[in-house]
Amino acid sequence: MKALVLKGPGMPFELAEVPDPAPARGEAVARVLACGAGLTLQHVKAGRIAAPFPRIIGHEITGEIVAVGAGVDSLRIGEAVTAYYYLNCGHCRWCLAGLEPLCENTGGNVGINCDGGYAQYIKLPAHIFIKLPPGLDYKAHPAEIGVVTDALATPYKVLRRARIRPGETVAVFGAGGGLGIHQVMMAKWAGATVIAIDTAPGKLDACRKAGADHVMAASGNEATQALLDLTNGQGVDVAVDYVSATVTLEAGAKALGRRGRLVTLGGAGKPFQVSSLDLLLKEQDLLGSRYVTRAEILETLDLVARKEVWPIVSEIVRLEGAEALHERLERGEVTGRAAILID
Ligand SMILES: [Zn+2]
């Protein structure tokens with residue numbers, strides 16, 4: 001099969017002919033129709049996220065099952081699938097509770113700890129594949145359907161994690177990024193008033209188109225003040241931080257109102273300070289949100305099937321165009337998601 005192979009961190013893709021994967025017991029193989037391309041993948045390619053090499057990256061796939069190994073009765077040849085991003089075990093207490101991102105025995109990530117979707121075929125443990133629900137025209141829109149599993153489902157999960165209700169005010173930090181812009185879309189779908197914040201002014205138009213009621217190019221104290229001004233000093237109900245740097249987390253926390261919730265996802269795990277008195281007097285919550293459960297992926301796919309929301313895939317290229325696409329990802333020039341279409 002044709003595959004984009006990375007031989008080491010910081011290396012260019014090598015479009016190579018490699019052996020077709022064959023499923024062992026408990027595994028299945030899918031033909032890949034399309035695979036999403038986002039900044040996380042570029043972090044792996046650039047060596048900022050550690051991965052064993054050589055590696056085929058990519059996890060936001062649309063595919064069709066072409067082979068199943070012994071003992072697999074959950075998948076049939078020809079079924080349309082996407083993939084769960086985490087190699088969760090499926091049997092620990094967290095997996096059994098439907099909280100798969102917290103799996104105690106995680107094997108890492110698709111496209112990092114095993115080969116992923118920048119190839120004609122992908123082999124995974126059978127339970128990592130998620131069957132596409134009916135009503136999705138995945139053959140017409142393989143790129144859009146593929147990115148749902150992360151770019152759209154991760155923000156959908158935040159709606160629940162942060163208990164976002166209609167009429168609330170939600171600030172999204174890093175709103176111009178691939179997940180941030182879909183958070184704007186999902187928060188708007190949930191009936192919130194959405195404020196998109198990004199330091200790149202060039203991304204703010206796209207945020208408006210995705211549903212933002214207000215946009216601002218700001219960070220730090222400036223962002224806090226602008227959020228307080230926009231809410232007549234009341235503060236926002238929810239701040240979702242896809243940058244999660246010390247400065248944005250502290251700006252988001254200070255902009256929270258009574259019963260405000262701050263959600264961190266992404267970032268480099270840096271510490272930040274909050275006022276414990278504000279937490280107490282205003283009954284505020286600090287929350288982490290990690291990827292999404294399988295059930296929530298199915299729910300998000302259903303929303304897409306009903307056309308209530310539709311993922312933003314602004315660039316679609318073939319395998320040969322992946323290197324140039326990743327250079328644009330590195331420079332922050334891609335709006336929403338990009339995807340690779342694979343014949
Ligand atoms: Zn588990």
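The values are calculated or read from the model by the stated rules, or taken from the named source; none is laboratory data. This one's a predicted model, so the numbers in the text were calculated from it and none came from an experiment. We place every Cβ from the backbone using ideal geometry, glycine too, and count neighbours over all the protein chains shown.
Assorted remarks:
- Residue identified as surrounded by 21 or more Cβ atoms within 10 Å (Cβ to Cβ), more than 16 Å from the ligand (Cβ to nearest atom) and either of a type outside the set (Ser, Thr, Tyr) or closer than 19 Å to Glu14 by Cα (or both) among Lys131, Lys45: Lys45
- When the stretch 100-120 is limited to residues that are of a type in the set (Val, Ile, Thr) and away from the ligand (no atom under 11 Å from the Cβ), the one that is nearest to His59 (Cα to Cα) turns out to be Val110.
- Contacts under 9 angstrom Cβ, first residue in the stretch 84-99 being near the ligand (Cβ under 6 Å from one of its atoms), partner part of a loop (DSSP other than H, G, I, E, B) and among the charged types (D, E, K, R), 6 or more apart: Cys89/Glu104; Cys92/Glu104; Trp94/Glu104; Cys95/Glu104
- Options Val309, Val274: the member that is surrounded by 14 or more Cβ atoms within 10 Å (Cβ to Cβ) and under 28 Å from Pro133 (Cβ atoms): Val309
- Restricting the stretch 233-259 to residues that are under 20 Å from Gly191 (Cα atoms) and surrounded by fewer than 22 Cβ atoms within 10 Å (Cβ to Cβ), the residue that is farthest from the chain's Cα centre (by Cα) is Gln234.
- 2 or more residues in contact with a Leu (Cβ under 8 Å, 6 or more places away or on another chain) and among the aliphatic types (A, V, I, L, M): qualifying helices (runs of 4 or more DSSP H) within the stretch 238-337: 246-254, 294-305, 322-330
- Residue in the stretch 153-160 that is within 21 Å of Ala51 (Cβ to Cβ), modelled with pLDDT of 95 or more and within 16 Å of the ligand (Cβ to nearest atom) present: no
- Qualifying residues in the stretch 52-76 (those that are closer than 20 Å to Pro19 by Cβ and assigned to a loop (DSSP other than H, G, I, E, B)) - the one nearest to the chain's Cα centre (by Cα): Gly58
- Residue within the stretch 51-74 that is within 16 Å of the ligand (Cβ to nearest atom), under 15 Å from Cys35 (Cα atoms) and in contact with a strand residue (DSSP E or B) (Cβ under 6 Å, 6 or more places away or on another chain) present: no
- Selection over the stretch 313-343 of residues that are out of contact with any Asp or Glu (no Cβ under 8 Å at 6 or more places or on another chain) and surrounded by 20 or more Cβ atoms within 10 Å (Cβ to Cβ) gives a count of 7.
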